[in-house]
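Below: the structure, in structure tokens.
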Amino acid sequence: MEPIDNVVGSKSPTAVAINSASKAGEWIKSRLGMYKQLDTKLSPQDLVTDVDKGAELMIRKLILTHFPDHDILGEEGVPPGAAASEAALAKARSSEYLWIVDPVDGTTNFVHGFPFFCVSIALAHRGEVIVGVIYDPLRDELFVAEKGKGAYVHGNPTRVSEDAELSGSVVAVGFNPDRQFALPTNMKGINALALQTRSIRAGGSAALHLAYVAAGRLSGYYEVGLNAWDVAAGALLVKESGGIVTDTTGNPYDLGVRHLVATNGKIHGELLQSLKDAGATGMQ
Ligand code: 2AM
Ligand code: CA
């Protein structure tokens, strides 16, 4: 990998990611319960507010101030739906430097005042994620990972859990708003994992679930039907904390993976097998 320090610009990309995530996070927090406009995307479950859009604009401006030649793939800049998301990603993959931005991951939580959402910002170099930052403004927790340099929460190294079996693990799942394909598939996995784990959790933010796997607060996370911006920063956090991130059949993570399994590594095989047995991988 090219050292991150070689990227042109006066400020390091990690510093810009941290600065953008903190600024956007503080603003989002100040708007809690005060969003002005609530719209739906593909379905009544798929929400977006003026705060999502405003935060993404803020992040875009900050990034482009420092790196005017870089490309940005942001949740609010892509039309809703899996096909549009895949098309945007295919175009973005050819970028030298691509920022992948989810201004509010956990929008349903933000709208309902359930305190579990974050800002997620990643930088990919020729398709490989090299920086991942996740900021939870309500707990003021900043998770930062750089490829090959480890992962940290407020300067303290993060490390995945030691759980060696599903039966002793807490695993996060998601109730994806796509009720045609993703939700029924996730429900099969949820049914299986509810019986095979110590307990399951569904917090409603893919990025924060991944940060919690990195920090050892969860031993795994599984969800079918995600987008690149939900996952890119969190996947690097998990890997740099000693965990494993693959698709639901065990192929290594890349930016196009939509059906995701992230674990401490020790329960990875058992979790993949459980999803296979339950017909919950989302793959043909
Ligand atoms: P969001 O809050 O940014 O929309 C919950 O299961 C996770 O799925 C959240 O991270 C949520 O991100 C994400 N999500 C919500 N709607 C989605 C959609 N239409 N497609 C893919 N992921 C979605
Ligand atoms: Ca998201």
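Which ones in the range 42-62 are among the aliphatic types (A, V, I, L, M), within 16 Å of ligand 2 (Cβ to nearest atom) and open to solvent by 40 Å² or more (accessible area, probe 1.4 Å)? Before the answer, list the steps.
Step one: filter the range 42-62 for residues among the aliphatic types (A, V, I, L, M), giving 42, 47-48, 51, 55, 57-59, 62.
This time we only want the ones that are within 16 Å of ligand 2 (Cβ to nearest atom), so: 42, 47-48, 51, 55, 59.
Hit for the range 42-62 is Leu42, nothing else.
Annotation: of all residues in the range 119-149 being in a loop (DSSP other than H, G, I, E, B) and within 16 Å of ligand 1 (Cβ to nearest atom), the one that is farthest from Gly77 (Cα to Cα) is Leu138. Within the range 76-88, residues that are open to solvent by 60 Å² or more (accessible area, probe 1.4 Å) have Cβ atoms under 9 Å from residues that are assigned to a helix (DSSP H, G or I) and within 10 Å of ligand 1 (Cβ to nearest atom) in these pairs: Pro79/Ser85, counting only partners at least 6 apart in sequence or on another chain.
Go through Val231, Val257 for me and flag whichever is closer than 21 Å to Pro103 by Cα, assigned to a loop (DSSP other than H, G, I, E, B) and within 16 Å of ligand 2 (Cβ to nearest atom). It would help to see each step written out before you state the result.
Values: Val231 fails: assigned to a loop (DSSP other than H, G, I, E, B).
On inspection, the qualifying residue turns out to be Val257.
Restricting Ala145, Ala151, Ala172 to residues that are in contact with a strand residue (DSSP E or B) (Cβ under 9 Å, 6 or more places away or on another chain) and under 20 Å from Ala24 (Cβ atoms) narrows the list to Ala145.
Quick one: in the range 89-109, which of the residues that are of a type in the set (Ser, Thr, Tyr) and away from ligand 1 (no atom under 12 Å from the Cβ) is most open to solvent (accessible area, probe 1.4 Å)? Step by step, filter the range 89-109, then rank; the result is Ser94. Taking the numbered list (1) without any contact (Cβ under 8 Å) to a residue 60 or more places away in the chain; (2) surrounded by fewer than 24 Cβ atoms within 10 Å (Cβ to Cβ); (3) not assigned by TED's automatic domain parsing to the domain that holds Asn19 in turn, His112 passes all entries but (3). Taken over the range 147-189, the criterion of being of a type in the set (Val, Ile, Thr) and either buried (at least 21 other Cβ atoms within 10 Å of the Cβ) or within 16 Å of ligand 2 (Cβ to nearest atom) (or both) is satisfied by Thr158, Val160, Val171, Val173, Thr185. The single condition among (1) within 21 Å of Pro115 (Cα to Cα); (2) touching a helix residue (DSSP H, G or I) at 6+ places or on another chain (Cβ under 7 Å) that Met34 does not satisfy is (2).
Looking only at residues in the range 63-93 that are assigned to a helix (DSSP H, G or I) and of a type in the set (Asp, Glu), the one that is farthest from ligand 2 (Cβ to nearest atom) is Glu86. Of the residues making up the range 22-41, one or more are surrounded by fewer than 15 Cβ atoms within 10 Å (Cβ to Cβ), in contact with a Gly (Cβ under 9 Å, 6 or more places away or on another chain) and either of a type in the set (Ser, Thr, Tyr) or not in a helix (DSSP H, G or I) (or both).
What do you reckon, is Arg179 under 20 Å from Asn109 (Cβ atoms), among the basic types (Lys, Arg), within 13 Å of ligand 1 (Cβ to nearest atom) and not assigned by TED's automatic domain parsing to the domain that holds Ala83?
Against the criterion (under 20 Å from Asn109 (Cβ atoms), among the basic types (Lys, Arg), within 13 Å of ligand 1 (Cβ to nearest atom) and not assigned by TED's automatic domain parsing to the domain that holds Ala83), Arg179 qualifies.
Please work out if Thr65 is open to solvent by 70 Å² or more (accessible area, probe 1.4 Å), modelled with pLDDT under 95 and in the same structural domain as Asn109 (by TED's automatic domain parsing). For Thr65, the condition - open to solvent by 70 Å² or more (accessible area, probe 1.4 Å), modelled with pLDDT under 95 and in the same structural domain as Asn109 (by TED's automatic domain parsing) - is not met.
Would you be able to tell me the number of residues in the range 94-118 that are within 12 Å of ligand 2 (Cβ to nearest atom) and assigned to a helix (DSSP H, G or I)? Residues flagged as within 12 Å of ligand 2 (Cβ to nearest atom) and assigned to a helix (DSSP H, G or I) within the range 94-118 amount to 4.
The values are calculated or read from the model by the stated rules, or taken from the named source; none is laboratory data. Everything numeric in this text was worked out from a predicted model, so none of it was measured. Because the Cβ atoms are built from the backbone with ideal geometry, glycine has one as well, and the counts that use them run over all protein chains shown. Quick note on the areas: whole protein, heavy atoms, side chains included, nothing else; ligands and nucleic acids left out. Shrake-Rupley method; radii C 1.70, N 1.55, O 1.52, S 1.80 Å.
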